[in-house]
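Worksheet: one structure, shown below.
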């Protein structure tokens with residue numbers, strides 16, 4: 001169960017899809033994968049939901065697919081038989097939750113108030129869906145409710161879009177957000193899968209917020225690093241900050257006192273969510289130098305290098321502060 005929840009947290013966004021025709025299932029799933037989100041919640045609001053889940057899980061095993069709008073234990077059985085990895089329900093039905101918990105099936109039931117959360121805790125859950133998110137008070141309501149329930153985490157769904165996505169994800173009690181703005185039913189029914197890929201990429205880009213942090217320049221010695229730093233600072237009137245292994249000129253240039261990764265140096269990009277950025281790039285077959293990872297005092301990764309070079313430069317990611 002925890003493995004699936006960790007995967008959902010690493011994705012950050014869970015597309016919530018309604019499929020009316022089975023033949024749309026595979027091209028839709030491929031469109032999401034191409035956009036950088038190999039994950040989906042297929043709602044049991046149509047007659048072909050079970051078959052759609054089966055088609056996706058069989059032909060795209062790399063995709064994490066779950067079943068949503070699950071209202072009965074029979075639907076739980078149908079979803080799991082079809083290959084669903086997790087169950088989502090709009091409300092908290094103790095019978096369904098217990099049925100899933102007893103079978104070690106990940107489930108996130110809908111909760112909108114403290115009484116729901118206490119039932120979820122009693123049933124052994126640590127993550128719940130918050131639905132309908134915006135109509136039920138949004139991120140302010142989640143923050144208010146989370147105060148007395150320090151171990152509970154949330155997956156809000158309902159009214160979330162690219163505009164308010166990071167308002168939710170920036171709160172550490174949110175594991176992921178469910179949303180349908182990139183998989184609107186009209187796009188699916190009209191076969192506009194390229195548009196779905198485009199909107200999915202935009203959603204991921206909005207979430208990750210990649211920004212150039214600085215460029216590192218390799219030099220052979222501390223003396224040479226000092227000269228290079230002085231030249232750059234003289235050009236642009238930037239301040240110099242001397243460190244143990246490098247010299248920063250302003251915030252955009254780092255001069256290394258000895259050669260490090262990259263023939264010429266390195267390029268650093270910062271991101272809103274480093275763990276999710278790594279997951280996104282790994283899904284695109286980008287490899288990382290795991291030995292280069294750095295962590296803060298809480299054990300959170302704050303920096304990591306990508307394997308290889310581009311134009312003689314190594315690239316690494318930084319967690320935004």
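Annotation: peptides 259-271, 107-119, 212-224, ranked by per-residue average of other Cβ atoms within 10 Å with the highest first, follow the order 107-119, 259-271, 212-224. Judged by the mean number of other Cβ atoms found within 10 Å, the most tightly packed of the peptides 32-39, 236-243 leads the ranking 32-39, 236-243. Ranking of 298, 98, 129 by neighbouring Cβ atoms within 10 Å, starting from the fewest: 298, 98, 129.
Mean separation of Cα pairs under 8 Å and 6 or more residues apart, divided by the residue count, gives region 2-207 a relative contact order of 23 percent.
I want the antiparallel fraction of DSSP beta bridges within the chain, as a percent rounded to 5. So the antiparallel bridges amount to about 40 percent of the total.
Each Cα pair under 8 Å and six or more residues apart adds its sequence gap; the mean of these over the residue count of region 211-319 is a relative contact order of 27 percent.
Of interest is the spacing of the C-alpha centroids, which for region 118-172 and region 10-41 amounts to 23 Å. Using the alpha-carbon atoms, what tilt in degrees (0 to 90, nearest 10) does helix 25-35 show relative to the longest principal axis of the chain? The helix 25-35 is inclined about 20 degrees to the chain. Between residue 185 and residue 224, what FRET efficiency follows from the Cβ-Cβ distance if R0 is 41 Å, with the result rounded to 0.05? E(calc), rounded to 0.05, equals 0.10. Here region 280-321 is scanned for amide nitrogen atoms under 14 Å from the site 7 Å beyond the Cα of residue 211 along Cα-to-Cβ, giving 318-321. Return the percentage of antiparallel bridges among DSSP beta bridges fully within region 170-321, rounded to the nearest 5 %. The antiparallel proportion sits near 65 percent. Panel order for 155, 145, by other beta carbons found within 10 Å of each beta carbon, from fewest to most: 145, 155.
Springs join every pair of Cα atoms under 10 Å in this Gaussian network model of the chain, and among 153, 294, 18 the largest mean-square fluctuation is at 294. Computed from the Cβ-Cβ distance with R0 of 30 Å, the FRET efficiency linking residue 198 to residue 236 stands at 0.20.
Of the residues 48, 177, the one with the fewest other Cβ atoms within 10 Å heads the list, and the complete ranking is 48, 177. In the elastic network of the chain, a GNM with C-alpha springs shorter than 10 Å, the most mobile of 186, 161, 146 is 186. Here each label is just a point 7 Å from Cα along the line to Cβ, and for residue 59 and residue 309 those points are 4.3 nm apart.
Using a Förster distance of 56 Å, how high is the FRET efficiency between residue 73 and residue 244, based on the Cβ-Cβ distance and rounded to 0.05? Working from the Cβ atoms, E equals 0.40.
Across region 2-207, the volume of the C-alpha convex hull divided among the residues equals 102 Å³ per residue. Full extension of the chain segment joining residue 296 with residue 103 gains 65.8 nm, where the gain is 0.36 nm per residue of separation less the Cα-Cα distance.
Each Cα pair under 8 Å and six or more residues apart adds its sequence gap; the mean of these over the residue count of region 1-92 is a relative contact order of 25 percent.
Working out 0.36 nm times the residue gap between residue 281 and residue 167, then minus their Cα-Cα distance, what length gain in nm do you get to one decimal?
38.8 nm
Using a Gaussian network model of the chain in which every pair of alpha carbons under 10 angstrom is joined by a spring, one finds that among 133, 67, 147 the greatest mean-square fluctuation is at 147.
Here, each number is a calculation from the coordinates, and none is a lab measurement. Here the structure is a predicted model, which is why all the values come from computation and not from measurement. Note that each Cβ is placed from the backbone with ideal geometry, even for glycine, and that neighbours are counted across all protein chains shown.
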